[in-house]
Amino acid sequence: MLLALAAAAQRWIPMPRWSALIGRPTAVPAAWKGQRIEVVPLRWASASERKVVRAVEAAGRHLPWEPKCLAEAMVGQLLLRQFGTPGVVVVGLRQGDDGAWDAHAWLLGEHGALTGGRAARGFTATTVFGVSGGLRADDVELGAPPAPAG
C-alpha cells in the first residue's frame, strides 16, 4: 500500500510537497560529480537494509503496474527511517541518443544500492537527498565489498 501511495504522490502532488519524506537535498559528493555511473554494487550492510529491499521488491510484485524508481526509493527510505537507519536517495540524469533527458532515482545504503541500482548505469548523480543524522552520501562505500568479519 505504501508503494501505491508513493506512486500516487509522485504523479499527482508537486515534489516540493512530499520530498521531505526522502530527505533534504544535500551536496553531491565531489567524487561523484560529472561521473557517469558504470556500476552501483547491489548489496546491503545490515538486516534492516535487507528487510527493506525484500519488502520493496515484494510490494512491487503485487501492484498491477511496474512501480517507478522514485516511488521505490521513497518507500525504501521511509522504511529505513522506521528502522532508524535512513539511506541516501540519489537522482541522476542521462541524455539519450535522441537528445532527450532521462531521470532515474536509486536508494543507497551503507555499501551499495538498495533500490534502482541496476538501472543507474549511464546516469550522472545530480541531486542527493539525505536525512539529518542518517547516512551521508560521502560515507556510502561503493568500492570493493567489505571483508568478512572474523
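What the chain shows is 59 Å² of accessible area per residue, with the surface traced by a 1.4 Å probe over protein heavy atoms. With contributions of -39500 (n - 2.57) from each DSSP H run of at least four residues, the per-residue ellipticity at 222 nm computed over the chain stands at -9000 deg cm²/dmol. DSSP bridge analysis restricted to the chain gives an antiparallel fraction near 100%, rounded to the nearest 5. When the inverse distances between all different Cα atoms of the chain are averaged and flipped, the Kirkwood radius reads 15.5 angstrom. When you restrict to C-alpha pairs under 8 Å that are six or more residues apart and normalise by the size of the chain, the relative contact order lands at 32 percent. Loop-located chymotrypsin sites (Phe, Trp or Tyr not before Pro) across region 12-87 with a Cβ neighbour count of 14 or fewer within 10 Å are Trp65, Phe83, with loop assigned by DSSP.
Applying the criteria of a DSSP loop state and at most 11 other Cβ atoms within 10 Å to the trypsin sites (Lys or Arg not before Pro) of region 1-67 yields Lys33. Evaluating kT/(6 pi eta Rh) at 10 °C and 1.306 mPa s, with the Kirkwood radius of region 31-72 over Cα pairs in the Stokes-Einstein relation, gives 126 µm² s⁻¹. Once you've got the GNM for the chain with C-alpha springs shorter than 10 Å, pick whichever of Leu114, Leu135, Leu63 has the biggest mean-square fluctuation. In this elastic network of the chain, the residue with the biggest mean-square fluctuation among Leu114, Leu135, Leu63 is Leu63.
The length gained by stretching the chain between Lys51 and Trp101 to full extension, at 0.36 nm per residue less their Cα-Cα distance, is 14.7 nm. Phi angles across region 34-39 convert, under the Karplus curve 6.51 cos²θ - 1.76 cosθ + 1.60 with θ = phi - 60°, into 3J(HN,Hα) values of x, 9, 6, 7, 9, 8 Hz, Gly and Pro given as x. Of the solvent-accessible surface of the chain, computed with a 1.4 Å probe over protein heavy atoms with every protein chain present, carbon and sulfur atoms account for 54 percent. Along the chain, the longest continuous region that contains none of the GluC sites (Glu not before Pro) in a DSSP loop with at most 16 other C-beta atoms within 10 Å is 39-140. Per residue, the convex hull spanned by the Cα atoms of region 82-121 measures out at 62 cubic angstrom.
Judged by the mean number of other Cβ atoms found within 10 Å, the most tightly packed of the peptides 125-134, 73-82, 22-31 leads the ranking 73-82, 125-134, 22-31.
The values are calculated or read from the model by the stated rules, or taken from the named source; none is laboratory data. Treat the numbers as computed from the prediction; the structure is a model and nothing was measured. Neighbour counts are summed over all protein chains in view; Cβ atoms, including those assigned to glycine, are modelled from backbone coordinates with ideal geometry. Note: accessible area is taken over every heavy atom of the protein model, side chains too, but ligands, DNA and RNA are not part of it. Shrake-Rupley method; radii C 1.70, N 1.55, O 1.52, S 1.80 Å.
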